[in-house]
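**Student:** This is the structure, below, for whatever I ask next.
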Amino acid sequence: MSDRLIIFDTTLRDGEQSPGASMTKEEKLRIAKQLEKLRVDVIEAGFAASSNGDFEAVRSIAGAIKDSTVCSLARANDRDIARAAEALQGAKSMRIHTFIATSALHMEKKLRMSPEQVLEQSKLSVRFARKFTDNVEFSPEDGSRSDIDFLCRVLEAVIKEGASTINIADTVGYGVPERFGDLITTLRERIPNSDKAVWSVHCHNDLGMAVANSLAGVMAGARQVECTINGLGERAGNTSLEEVVMAVKTRRDYFGLDVGIDTAQIVPSSRLVSGITGFPVQPNKAVVGANAFAHASGIHQDGVLKQRDTYEIMRAEDVGWTTNKIVLGKLSGRNAFKQRLQELGIELESETDVNAAFQRFKDLADRKADIYDEDIQALVSDQAMQQAGDEHYKLVAMRQHSEMGEQPVAAVTISIGGAEHTVECSGNGPVDATLKAIEQKAVSGTEMTLYSVNAISGGTEAQGEVTVRLAKGGRVVNGVGADPDIVVASAKAYINALNKLHSNDTRVNPQIDTP
């Protein structure tokens with residue numbers, strides 16, 4: 001077996017299937033370029049057959065990425081596979097990932113196919129995919145709940161047809177580590193040609209065991225893990241890339257494996273995905289959470305000061321955390337600002353974008369004494385979202401008044417399709433009054449299903465980052481806004497979500513069962 005673990009990132013496909021996480025083509029391309037910088041081995045760019053938007057996104061990523069293999073998912077039928085192959089034509093290195101359900105429950109209730117029909121369709125799909133590329137991956141959906149004898153038959157057959165990667169999917173997060181590891185061992189031992197393919201695992205986190213199950217699979221011989229940044233994914237999410245990578249690197253004494261990931265890009269990748277999707281990272285999240293390297297206990301603090309590894313098994317800087325503070329103000333030069341952007345790994349498309357970001361920086365410096373790296377990343381992300389989106393709605397001006405014992409009132413001026421409108425509303429609080437004022441003129445008819453606030457950095461001067469989730473007619477979108485004034489951040493987030501709903505570039509999440 002190889003002593004190298006392949007990291008297969010599916011943030012842009014399975015991660016995007018989280019309600020509200022749907023991305024535009026431009027947003028997916030930004031994340032793909034960051035994943036390439038992270039040195040991910042395989043980027044699953046999307047599900048080309050699910051929509052024209054996803055097809056274009058996969059094609060765009062395939063043409064832009066040079067150092068990672070670009071993959072598209074496809075159901076086990078000729079149409080999906082041909083569509084994936086077409087989208088991947090421009091890739092320097094491509095892979096087609098095809099799948100079909102193999103559990104009795106899925107075959108009977110969902111596919112309405114007999115086991116023999118599923119077996120035949122599995123063989124035909126791999127055979128057809130091989131006409132386009134030698135790099136074909138096959139996944140038995142709901143593999144962890146499939147009959148072992150039938151699973152062996154299917155996998156032996158698809159390997160014989162030329163599948164080079166076999167990915168065992170714990171689609172509903174049903175597995176437990178010991179049994180999931182045993183499943184991988186049993187399959188590799190019982191299937192005569194198992195040595196002709198790389199074994200892979202794809203685990204969901206419904207019972208909180210996705211990472212544990214994936215690592216159990218690795219110990220049983222799997223040499224590819226399918227994962228996402230921040231564990232993003234439908235329901236409770238997928239295996240977290242950052243947790244798998246750092247577990248393997250930190251406990252190399254146990255796993256005996258290497259990974260090609262540039263770990264210093266983990267935190268920047270986490271922040272980019274969080275900013276684009278609007279899914280904030282919980283403070284106590286392993287590796288990338290704000291508290292991951294924080295020590296509140298006096299005993300712990302004393303130990304770390306005396307000898308770092310008394311309470312830290314990883315170095316914060318190794319995964320991209322930094323304590324650097326950018327000491328620039330409104331009189332600071334543009335070159336110093338550009339230098340800090342480079343140090344943070346932030347690449348802007350043009351000098352115009354740099355100038356716009358620098359102006360935003362100076363505006364923020366007028367309002368906030370200390371500017372942290374997190375502030376820089378937030379303002380650049382906010383700028384990118386505004387530039388990428390269709391700004392049908394724009395926040396022009398706002399003011400609000402609140403005092404104890406009195407109902408807060410907000411007056412908001414917004415531009416809708418180029419026409420300005422000013423509305424005044426009262427509410428239960430300044431945020432409620434502000435959002436009601438926007439909605440009174442926007443008349444979006446949406447339902448707000450989530451409102452959350454996250455401090456970007458520490459202290460009372462910290463910028464607040466607000467996430468708003470809106471739902472309408474089966475579409476779910478997240479809007480994100482950042483500002484030192486939490487009410488302004490809330491208005492920005494709401495406007496951002498409205499623009500996503502209005503934009504034709506934002507696609508509906510694919511409602512297709514996947515591994």
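**Student:** If Ser139 satisfies every condition in (1) part of a helix (DSSP H, G or I); (2) surrounded by 18 or more Cβ atoms within 10 Å (Cβ to Cβ) but one, which is the exception?
**Tutor:** Failed condition: (1).
**Student:** Give the residue that is nearest to His401 (Cα to Cα), with candidates limited to residues of region 463-501 that are touching a residue at least 24 places away in the same chain (Cβ under 8 Å) and part of a loop (DSSP other than H, G, I, E, B).
**Tutor:** Pro484
**Student:** Take region 47-62 and flag every residue that is in contact (Cβ under 8 Å) with a residue 40 or more places away in the chain and either buried (at least 24 other Cβ atoms within 10 Å of the Cβ) or in contact with a Phe, Trp or Tyr (Cβ under 9 Å, 6 or more places away or on another chain) (or both).
**Tutor:** As a first pass, look at region 47-62 and keep what is in contact (Cβ under 8 Å) with a residue 40 or more places away in the chain: 47-48, 50-51, 53-54, 57, 61.
Scanning region 47-62 gives Phe47, Ala48, Ser50, Asp54, Ala57, Ile61.
Quick grid of which residues meet (1) open to solvent by 50 Å² or more (accessible area, probe 1.4 Å); (2) at pLDDT 85 or above; (3) assigned to a strand (DSSP E or B):
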| position | (1), (2), (3) |
| --- | --- |
| Leu331 | yes, no, no |
| Arg340 | no, no, no |
| Ile376 | no, no, no |
| Gln407 | yes, yes, no |
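**Student:** Can you give me the number of residues within region 470-496 that are open to solvent by less than 20 Å² (accessible area, probe 1.4 Å), at pLDDT 90 or above and aliphatic (A, V, I, L, M)?
**Tutor:** Taking region 470-496 and keeping what is open to solvent by less than 20 Å² (accessible area, probe 1.4 Å), we get 470, 477-483, 487, 489-491, 493-495.
Then drop every residue that is not at pLDDT 90 or above, which leaves 470, 487, 489-491, 493-495.
Restricting the remaining residues to those that are aliphatic (A, V, I, L, M) gives 470, 487, 489, 491, 493, 495.
The total comes to 6.
**Student:** Which residues, counting only those in region 182-198, are open to solvent by less than 10 Å² (accessible area, probe 1.4 Å) and under 31 Å from the mean Cα position of the chain (by Cα)? Give the derivation first.
**Tutor:** Of the residues in region 182-198, the ones open to solvent by less than 10 Å² (accessible area, probe 1.4 Å) are 184, 187, 191.
Matches in region 182-198: Ile184, Leu187.
**Student:** List the pairs whose first member sits in region 67-94 and is farther than 14 Å from Glu44 by Cβ and in contact (Cβ under 8 Å) with a residue 12 or more places away in the chain, whose second member is part of a loop (DSSP other than H, G, I, E, B) and open to solvent by 10 Å² or more (accessible area, probe 1.4 Å), and whose Cβ atoms are under 6 Å apart, counting only residues at least 6 apart or on separate chains?
**Tutor:** Ala85/Phe132; Lys92/Lys66
**Student:** Ala222 passes all but one of (1) touching a Gly at 6+ places or on another chain (Cβ under 8 Å); (2) under 21 Å from Ile7 (Cβ atoms); (3) part of a loop (DSSP other than H, G, I, E, B); which number fails?
**Tutor:** It is condition (1) that Ala222 fails.
**Student:** Tell me, yes or no, whether region 170-185 has at least one residue that is farther than 19 Å from Val248 by Cα and assigned to a strand (DSSP E or B).
**Tutor:** Yes.
**Student:** Looking at Val244, Val259, Val248, Val288, which one is touching a Phe, Trp or Tyr at 6+ places or on another chain (Cβ under 8 Å) and open to solvent by less than 30 Å² (accessible area, probe 1.4 Å)?
**Tutor:** Working: Val244 fails: touching a Phe, Trp or Tyr at 6+ places or on another chain (Cβ under 8 Å); Val259 fails: touching a Phe, Trp or Tyr at 6+ places or on another chain (Cβ under 8 Å); Val288 fails: touching a Phe, Trp or Tyr at 6+ places or on another chain (Cβ under 8 Å).
Of the residues listed, the single one that is touching a Phe, Trp or Tyr at 6+ places or on another chain (Cβ under 8 Å) and open to solvent by less than 30 Å² (accessible area, probe 1.4 Å) is Val248.
**Student:** Going through Ser457, Ser415 one at a time, which residue ends up being surrounded by fewer than 22 Cβ atoms within 10 Å (Cβ to Cβ), modelled with pLDDT of 90 or more and hydroxyl-bearing (Ser, Thr, Tyr)?
**Tutor:** Checking each option against the conditions leaves just Ser415.
**Student:** I'd like the full set of residues that are farther than 11 Å from Val244 by Cβ, without any contact (Cβ under 8 Å) to a residue 40 or more places away in the chain and surrounded by 24 or more Cβ atoms within 10 Å (Cβ to Cβ), limited to region 200-226.
**Tutor:** Selection gives His204, Ala216.
The values are calculated or read from the model by the stated rules, or taken from the named source; none is laboratory data. On a predicted model such as this, the values are computed, not experimentally measured, just so you know. Neighbour counts are summed over all protein chains in view; Cβ atoms, including those assigned to glycine, are modelled from backbone coordinates with ideal geometry. What goes into the accessible areas is simple: the full protein's heavy atoms, side chains included, and nothing from ligands, DNA or RNA. Shrake-Rupley method; radii C 1.70, N 1.55, O 1.52, S 1.80 Å.
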